[in-house]
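> What follows is a structure written as structure tokens; I'll ask about it next.
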Amino acid sequence: MRTLKQEKDLFFINRSTYELLTDELKTTVVCPKDEFRGHAIYKSFHVSNCHRTWRISDYDYVIAAQPGWYESLPADKQQLVFNEQKRTGSCMLIGNILITQNYWMSLTEAQQQYLISLYDETIEEVDITSLPERFTRLHGQFPDEHGGNCFAAALYGVTNEVTILGEWIHDQMFTDMLARNHYVQTEQPSQDSVLVFVRDGVVVHASYVIDDEYCFNKSGQMFYNPWHIARIDKVKEEWKDCNLLFYSSTERKFVDSNKAAEKQLAYV
């Protein structure tokens, strides 16, 4: 089940706010920005994705507070911390609600799941009735944990190995695994090809081709990003600033009995 539960509350603040909170921080861990970026605990994968730390900017320190610290502050200091989270773009803030660990634990399970759902990616409605079951059963499903990304989704299509869906695959890991599965770059795509999007020489996205209209896709590594079947044209439009490469297998592994033999795609 998806959760925003963490061991500590993280608050991103600038230097002037830090100086105003000195008395309240005597027994609380505070990480300078550079040390936070490399901290194995306070910037764990779960924490980073819950806060979306890569989107948070213009801060000098991160307060790593025990649950309840924020609630113990005087009202003016609470407002000061709240304003800093709003300014820096923290994703543990929805409207006028700062999602501290105390607040999170005060919610019912249904309320927690509703709060998470406010960040959920909306996917396009598509007719998937004639597509392979190994993809349709995953369409619109949200993972329980952060981690599985677009490369993992594409490699699931390649390998049919369900455990790979939860992996956080990096670009070199991805291309190496394509090679181990006898996928090579081709001039044209075909059914069971992989669409590979490259920006500035780096592979940044990939999708698995199901047929001439649809692909299996995941937009990111967060649990707000569901696995889904997307229109190929829509994915191409979303990544139109990238170069598109095609990787196809020299071996045909998975045959859909409802489809004709492999054919050249018409959308190129």
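The values are calculated or read from the model by the stated rules, or taken from the named source; none is laboratory data. These numbers come from a predicted model, not from an experiment. Here the Cβ is made from the backbone with ideal geometry for all residues, glycine too, and neighbour counts use every protein chain on show.
> What single numbered condition from (1) acidic (Asp, Glu); (2) within 15 Å of residue 230 (Cβ to Cβ); (3) in a helix (DSSP H, G or I) fails to hold for residue 176?
Among (1) acidic (Asp, Glu); (2) within 15 Å of residue 230 (Cβ to Cβ); (3) in a helix (DSSP H, G or I), residue 176 violates only (2).
> Go over the candidates 229, 164 one by one and state the one that is in contact with a His (Cβ under 6 Å, 6 or more places away or on another chain), of a type in the set (Val, Ile, Thr) and either touching a residue at least 12 places away in the same chain (Cβ under 8 Å) or not assigned by TED's automatic domain parsing to the domain that holds residue 145 (or both).
On inspection, the qualifying residue turns out to be 229.
> Let me ask something else about it. Restricting to segment 179-201, name every residue that is assigned to a strand (DSSP E or B), in contact with a strand residue (DSSP E or B) (Cβ under 7 Å, 6 or more places away or on another chain) and either of a type outside the set (A, V, I, L, M, F, W, C) or within 16 Å of residue 230 (Cβ to Cβ) (or both).
183, 185, 186, 190, 194, 195, 196, 197 - these are the residues of segment 179-201 that are assigned to a strand (DSSP E or B), in contact with a strand residue (DSSP E or B) (Cβ under 7 Å, 6 or more places away or on another chain) and either of a type outside the set (A, V, I, L, M, F, W, C) or within 16 Å of residue 230 (Cβ to Cβ) (or both).
> So, in segment 38-67, of the ones that are surrounded by fewer than 13 Cβ atoms within 10 Å (Cβ to Cβ) and at pLDDT below 90, which residue ends up nearest to residue 146 (Cα to Cα)?
Going through the qualifying residues, I end up with 45.
> Here is a follow-up. Can you name every residue in segment 1-28 that is surrounded by fewer than 13 Cβ atoms within 10 Å (Cβ to Cβ), free of Cβ contacts under 8 Å to residues at least 40 places away in the same chain and not charged (D, E, K, R)?
Within segment 1-28, 16, 22, 27 meet the criteria.
> Okay, moving on. With the structure loaded, tell me whether residue 154 is modelled with pLDDT of 95 or more, closer than 18 Å to residue 47 by Cβ and touching a strand residue (DSSP E or B) at 6+ places or on another chain (Cβ under 6 Å) or whether it fails that test.
In short, no.
> Right, something else. Residue 224 passes all but one of (1) of a type outside the set (D, E, K, R); (2) closer than 25 Å to residue 47 by Cα; (3) part of a helix (DSSP H, G or I); which number fails?
Failed condition: (3).
> Moving on to the next point. Tally time: how many residues in segment 91-124 are part of a loop (DSSP other than H, G, I, E, B) and exposed (fewer than 11 other Cβ atoms within 10 Å of the Cβ)?
Total satisfying the criteria: 7.
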